[in-house]
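Visitor: Below are the structure tokens for one structure; questions will follow.
Coordinate-derived values only; no laboratory data. Predicted, not measured: the structure shown is a model, and the values here were computed from it. Virtual Cβ from ideal backbone geometry, glycine too; neighbours counted across all protein chains shown.
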Amino acid sequence: MSVHWNWARTFYCRPRLYVEPKSIDSLRTLLNEINETKSKVRVIGCGHSPSSLSMSNEVLISMKYFNKILEIDEINHEIHCESGVLIRALNDILPQHNLSLTVQGSVNELTIGGVISTATHGSGIKYGSISSYVRAITLMKLNGDIKEYYLDDDEDLFRCLTCSLGTFGIIISVRLQVSPLFYLELNQKPLEFHTFLNTLSIHYSSSDHFRYMWYPHTNSGIAYHLNRVNPRLINNKKKSIFSRIISWFSNSLIGHHLLELLFYFSLYFPSLVRRINRMYAKLEGKTLHKIDRCDKLFNFDCLFRQYASEWAIPLDQAVSCLTELEQSMEQYKNVHFPIEIRFSKDEDLSYLSPAYGRKTCWINTVAYRPYGKIHYQHRPFFQAFEHICHKYNGRPHWAKEHPLKNEDFAQLYPKWNLFKEKREEFDPNNFLINDCLKNVFLN
């Protein structure tokens, strides 16, 4: 019985049966066996979710061989791809057709089925999560039937399927609206946290894709203004040996290895965290201008393994929420940088998108696990963070840890009960509900 870990190695499962089907027929046969044995089943992508959302100790299915791009429509800017296709693969192939994903998150080692199942998002007040660009979903139900679903067929059902947490069936393929290929112009500059709070609306509305990195226990942060520009040739001259050494020293030695070592020491001397945050705020708080293909600037290195918690706050309550978070930090010595702050538009295509029905400020906090060290020093602040975000009507990111239960979500999502009714039609025996989702859907 093999062990399957998520990327952060914070959760694992020991499935009785782990399967990587290579065809529709083999998947249908597997589902017949699941129905006969009444087994719990989950589908796993790349395992990047820092939660137990995709875990199952009974049957675990990987769609890694359902990795084909079936159609690229350059005229209508639409693609049709199987659910196991990686975002990284789309970033490599779509530019060859003068196309690109409209938005994407920080990580490209994710499957298209995974990102739409959890409403994975980027940043940009004019743009929604990836789920908001779904145009059709082909689903295999637990009885083996396959159907392609469109919005016009059943609007309520479609709005459930576009962010379903993998609880309706097995996603076979997705039709997705994409964009003409674009590049991004980055203007990065240091920006004090209090100044950011006082001018928040100016920043998120003055560029296409704005995000802010805050260094807790300091008044420091970095503003990233990204604006769309037309594709162009980028002068990527080969760097000299001296330049490569400087880059390695700055990005790898100091930006990764030294940081990991310092955070390791801080597990034994927690007061070091404030000094680490201040030091790296100064080292990284520099002005930078850069133009590159969109995915090169959307994606970035998440460094090493980490605990994470992210909440979607109504935009009009963001400043109050962030202010209270800063005040709460006086009680804690060890809040790691960065707290990442992003924005997205209000959505109506996914009933369970955390941005459904409201413009949103996303607040993400992390606690690093240097050298894979398991620790619980982050829990007191994470609990305070969750309490404050919930107080301001925050909705947790579906792929990340949270303490909320069914009754909480019923208050937060206007279509919660409708979603549950639709879901139960597809999975009346709760075969797709694992331990993580019991608290979410079952009383």
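Visitor: Binned at 5 Å from 0, what are the whole-percent values of the Cα-Cα distance distribution for the range 69-181, short to long?
Guide: Bin by bin from 0 Å, the calculated values are 2, 12, 23, 27, 20, 11, 4, 1, 0.
Visitor: If I take the Cα coordinates of the range 287-430 and project them onto the principal axes, what are the three extents in Å, biggest first?
Guide: Taking the Cα atoms of the range 287-430, the three principal extents are 49, 40, 33 Å.
Visitor: In whole Å, largest first, what are the principal axis extents of the Cα atoms in the chain?
Guide: Here the spans come out as 59, 49, 43 Å, largest first.
Visitor: Give me the distance in nm between label points sitting 7 Å out from Cα along the Cα-to-Cβ direction at Thr323 and Asp292, one decimal.
Guide: Roughly 3.7 nm, to one decimal.
Visitor: Is it possible to state the helix-based mean residue ellipticity at 222 nm for the chain, with each DSSP H run of 4+ residues giving -39500 (n - 2.57), the sum divided by total residues, to the nearest 500 deg cm²/dmol? What is it? Don't skip to the answer; put the middle values down first.
Guide: On the way: 15 runs with 128 residues, N = 443.
-8000 deg cm²/dmol, from helical runs alone.
Visitor: Could you please rank Ser328, Ser2, Ser173, placing first whichever residue has the fewest other Cβ atoms within 10 Å of its Cβ? Provide the component values of the computation, followed by the final result.
Guide: Numbers: Ser328 15, Ser2 8, Ser173 24.
The fewest-first ordering by Cβ neighbours comes to Ser2, Ser328, Ser173.
Visitor: Fewest to most neighbouring Cβ within 10 Å: what's the order for Val178, Val229? Working shown, then result.
Guide: Values: Val178 20, Val229 13.
Arranged by neighbour count, lowest to highest, Val178, Val229 become Val229, Val178.
Visitor: Continuing with this model, one more query. So how do 382-394, 17-29 stack up, highest first, on mean other-Cβ count within 10 Å?
Guide: Values: 382-394: 18.9, 17-29: 14.6.
In descending order of packing, they fall as 382-394, 17-29.
Visitor: A follow-up question, please. Neighbouring Cβ atoms within 10 Å as the yardstick, rank Ile246, Ile146 fewest first.
Guide: Numbers: Ile246 12, Ile146 15.
By the 10 Å Cβ count, ascending: Ile246, Ile146.
Visitor: Now, a different point. Please report the spacing between the Cα centers of the range 313-343 and the range 171-190 in Å, no decimals.
Guide: So the separation of the two Cα centres works out to 27 Å.
Visitor: Got a sec to turn the phi values of the range 179-186 into Karplus ³J(HN,Hα) couplings, 6.51 cos²θ - 1.76 cosθ + 1.60 with θ = phi - 60°, whole Hz, x for Gly and Pro?
Guide: The phi angles translate into 10, x, 3, 9, 10, 10, 9, 9 Hz.
Visitor: Rounded to whole Å, give me the distance from the Cα center of the range 1-73 to that of the range 380-425.
Guide: 25
Visitor: Right, next: Mind checking the full-extension length gain between Tyr12 and Ser247? Use 0.36 nm per residue of separation minus the Cα-Cα distance, one decimal, nm. If you can, show how the numbers build up before the last one.
Guide: Details: separation 235, 0.36 × 235 = 84.60 nm, distance 3.58 nm.
Result: 81.0 nm gained on full extension.
Visitor: Cα atoms only, the range 206-275: Rg and Dmax in Å?
Guide: Rg, Dmax (Cα atoms, Å): 17.5, 50.
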